[in-house]
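Engineer: Have a look at this one.
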Amino acid sequence: MKKSKHFEFERFKQGNLRNQTEKREGEMKMGFTLSNQNDAKYIILGIEESIGPRANHGRMGAENGFNAFLSTFLNMQANEILAGDEIHILGKVSVIQEPEEELRKVVSELDDFIYELLKENVKENQIPIVIGGGHNNAFPLIKFSANRLKTPISVVNLDAHADYRLLEGRHSGNSFSYAHQAGYMDDYYVLGLHQRYNSQHIINQLRSDEHYFTFHEDYLFGNRNYHEEFSHLYELLSEKNQFVGLELDMDTIERMPSSAYSPVGIPIELARVYLNRLGRLKKVAYLHLPEGAPTNALENRIVGKTLAYLVSDFITANA
């Protein structure tokens, strides 16, 4: 078991996953068909922490997203659409000691912990899928991808917030500004920003760094179309032939229990379309689904089932 001062990694065994999978005569569930071999194409890693969002003045709950996903995903049907034999659920990162230090220093520790974990467990041609935790974990994902590919990557993010805040110490709101400043991220495409929740500084910085961004209100009021946007980006990124990290912050979905809950946003079905379209890119570096933050049984079902759909949509499209 890998540990740092505040975090530990638990590697899953096949038997543990099968114990969480319900048996039913005449059916085959995903928990029984997962490859769980080191050479599987898709490597799923869970992260159970809300330190990043709390360091960004957000709320707790992101530590619960992965567990909600896992119980649902294992009990989905394995069939000819998605058999599960290319998927390895590696394990999960969790907090073992509540920080007494300044939270932003602990987020930097988590950056290093996740980066090393990815280096040790994700091989060439494998695609990591990281679920749960805060959007702070985008930074080690981008850093890992750029270093293993030996080139900066592009990132597409469907999100209410650009997470392009000041370089003021690490938290969930500045993964992409840090990644760009460090040279790990080249082009940043962030779609569906909420006009009232992104500062003028962030807007100015996105323009200054020549990134591509759109506002949710433009789609809402008929000036743009999400479906056309996804298709446009697919064509653009296919032509660029550069590796792309795919990000989808759960707080962009309306009424989704998340670290920055909002009644305003896109429907779940549109999030599924996003991953279906861009998941077809031939050079996907990773998929990241952070910020799901359930705090009760009903929210667990909502977040868990949504994440399970999103992961299966991406793998079906990509494979």
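Engineer: How high is the relative contact order of the chain, given as a whole-number percent (alpha carbon pairs under 8 Å, six or more residues apart)?
Structural biologist: Relative contact order of the chain: 21 percent.
Engineer: Hey, could you grab the Kirkwood Rh for the range 261-319? Inverse mean 1/r over distinct alpha carbon pairs, Å, one decimal.
Structural biologist: Mean inverse Cα-Cα distance, inverted, gives 12.5 Å.
Engineer: Taking the alpha-carbon distance from residue 3 and a cut-off under 16 Å, which lysines remain once sequence neighbours fewer than 8 residues away in the same chain are dropped?
Structural biologist: 92, 119
Engineer: I've got another one for you. At residue 79 and residue 168, where each label point lies 7 Å from the Cα along Cα→Cβ, what is the point-to-point distance in nanometres?
Structural biologist: 5.0 nm
Engineer: What residue among 128, 53, 99 shows peak mean-square fluctuation when the chain is described by a Gaussian network model with Cα springs under 10 Å?
Structural biologist: 99
Engineer: Here's a follow-up. Taking the Cα atoms of the range 151-289, report the difference between the largest and smallest coordinate on each principal axis, in whole Å and largest first.
Structural biologist: Reported extents, whole Å, longest axis first: 36, 35, 27.
Engineer: Put a dot 7 Å past each Cα toward the Cβ at residue 27 and residue 119; how far apart are the dots in nm?
Structural biologist: Each label point lies 7 Å from its Cα, and together they span 4.4 nm.
Engineer: How would the range 58-101 be classified by its alpha-carbon gyration tensor: rounded, prolate or oblate, with rounded meaning a/c under 1.5 and the a/b versus b/c comparison settling the rest?
Structural biologist: It comes out prolate by the Cα gyration axes.
Engineer: So which of 41/240; 105/240; 13/105; 123/143; 13/123; 5/282 end up more than 27 Å apart, counting from Cα to Cα?
Structural biologist: Over 27 Å apart, Cα to Cα: 105/240; 13/105; 5/282.
Engineer: Which percent, nearest 5, of DSSP beta bridges in the range 2-318 are antiparallel?
Structural biologist: Close to 20 percent.
Engineer: Would you compute, for the Cα atoms of the range 2-318, the largest minus smallest coordinate along each principal axis and list the three values in descending order, in whole Å?
Structural biologist: Cα spread of the range 2-318 along its principal axes, largest to smallest: 56, 46, 41 Å.
Engineer: Hey, rough spin-label estimate for residue 197 and residue 38, points 7 angstrom out along Cα→Cβ, what's it come to in nanometres?
Structural biologist: 4.2 nm
Engineer: How high is the relative contact order of the range 231-272, in percent, with contacts defined as C-alpha pairs under 8 Å that are six or more residues apart?
Structural biologist: Relative contact order comes out at 25 percent.
Engineer: What order do you get for 22-30, 56-64 when each peptide is scored by the mean count of other beta carbon atoms within 10 Å, highest first?
Structural biologist: Averaged packing, sorted descending, gives the order 56-64, 22-30.
Engineer: Among 212, 178, 197, pick out the residue whose Cα is farthest towards the positive end of the charge dipole of the range 161-228, where Lys and Arg carry +1 and Asp and Glu carry -1 on C-beta, about the Cα centre.
Structural biologist: 197
Engineer: What are the semi-axes of the equivalent ellipsoid of the range 66-150, taken as the square roots of 5 times the eigenvalues of the Cα gyration tensor, listed largest first and rounded to whole Å?
Structural biologist: 27, 19, 9
Only the coordinates and a few stated rules stand behind these numbers; no lab work does. These figures come from a predicted structure and were not determined experimentally. When we count neighbours, we look across all protein chains shown, and the Cβ atoms used for this are built from the backbone with ideal geometry, even at glycine.
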